[in-house]
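Below is one structure; the comments refer to it alone.
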Amino acid sequence: MTAFIASLTPIALRTSAVMSTAELAAWAQIGKNSVPRLTAGFDIRELSGHAKNHRYSVHDVMQKILGVAVRNAESMETLLYPLQKSTWVSEYTGLSVSAINAAICEERLTLPAPVELTQTGHGQAAARGRRWIPAQIDAYLRNDTIPFMPAIAAVPATNTASKTASRNVFAAICSDNAEVSRQCHL
């Protein structure tokens with residue numbers, strides 16, 4: 001890891017498999033009062049019932065918020081670094097916060113995608129709820145493969161492009177580029 005990732009400290013859990021409300025709030029960089037809304041939004045089950053100090057399964061949190069099934073202790077340690085806001089990402093990538101937010105809205109972001117912690121209306125995302133996994137930003141800056149990326153389903157090929165491509169050179173170029181593009185088509 002680079003120096004800026006090493007300057008962060010991972011969340012120290014009291015129990016290796018359970019997160020308290022305070023630990024979850026520190027990891028997600030949100031206030032303690034926002035934890036119930038976060039857990040309800042991601043359907044994270046509470047382990048402690050109606051106790052004063054709520055507890056959540058670490059594996060459930062990682063699976064439902066990040067979409068990652070943690071398989072070993074090293075991966076878990078890497079994921080326990082607190083999620084970071086766009087100001088931190090801006091500081092280490094050199095992009096301004098407004099440029100990062102504009103790129104997200106226009107779907108042209110070259111950075112690893114952020115985790116959206118807040119639920120809003122259809123097609124909207126609140127900028128204050130965006131968080132990044134530090135290990136992904138670190139890998140991006142080092143030009144390594146990005147860890148903890150969810151699998152992207154293959155885009156089914158359409159036969160209509162090949163019919164128009166046979167008569168139009170530009171359509172052929174675009175269809176060839178679309179087939180080999182690494183971007184996810186929505």
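For the range 51-72: of the residues being among the aliphatic types (A, V, I, L, M) and surrounded by fewer than 16 Cβ atoms within 10 Å (Cβ to Cβ), which is nearest to the chain's Cα centre (by Cα)?
Per the criteria, the residue is A69.
When you scan the range 121-130, do you find a residue that is among the basic types (K, R), at pLDDT 65 or above and loosely packed, with under 10 Cβ neighbours inside 10 Å, even just one?
Checked against the condition, which is being among the basic types (K, R), at pLDDT 65 or above and loosely packed, with under 10 Cβ neighbours inside 10 Å, the range 121-130 yields no hits at all.
In the range 131-168, how many are modelled with pLDDT of 60 or more and hydroxyl-bearing (S, T, Y)?
Residues in the range 131-168 being modelled with pLDDT of 60 or more and hydroxyl-bearing (S, T, Y): 2 in total.
Going residue by residue through the range 3-26, is there one that turns out to be surrounded by 15 or more Cβ atoms within 10 Å (Cβ to Cβ), closer than 19 Å to I146 by Cα, hydrophobic (A, V, I, L, M, F, W, C) and modelled with pLDDT of 90 or more?
No - not one qualifying residue is present in the range 3-26.
Taking the conditions exactly as written (without any contact (Cβ under 8 Å) to a residue 24 or more places away in the chain and not aromatic (F, W, Y)), does S98 satisfy them or not?
yes
Mind telling me which of the residues V61, V70, V35 ends up being within 22 Å of W132 (Cβ to Cβ), at pLDDT below 90 and of a type in the set (V, I, T)?
Values: V61 fails: at pLDDT below 90; V35 fails: at pLDDT below 90.
Sole residue among the options that is within 22 Å of W132 (Cβ to Cβ), at pLDDT below 90 and of a type in the set (V, I, T): V70.
The values are calculated or read from the model by the stated rules, or taken from the named source; none is laboratory data. Note that the coordinates shown come from a computational prediction; the quantities given were computed from them, not determined experimentally. Neighbour counts run over all protein chains shown; Cβ positions are idealised from the backbone, glycine included.
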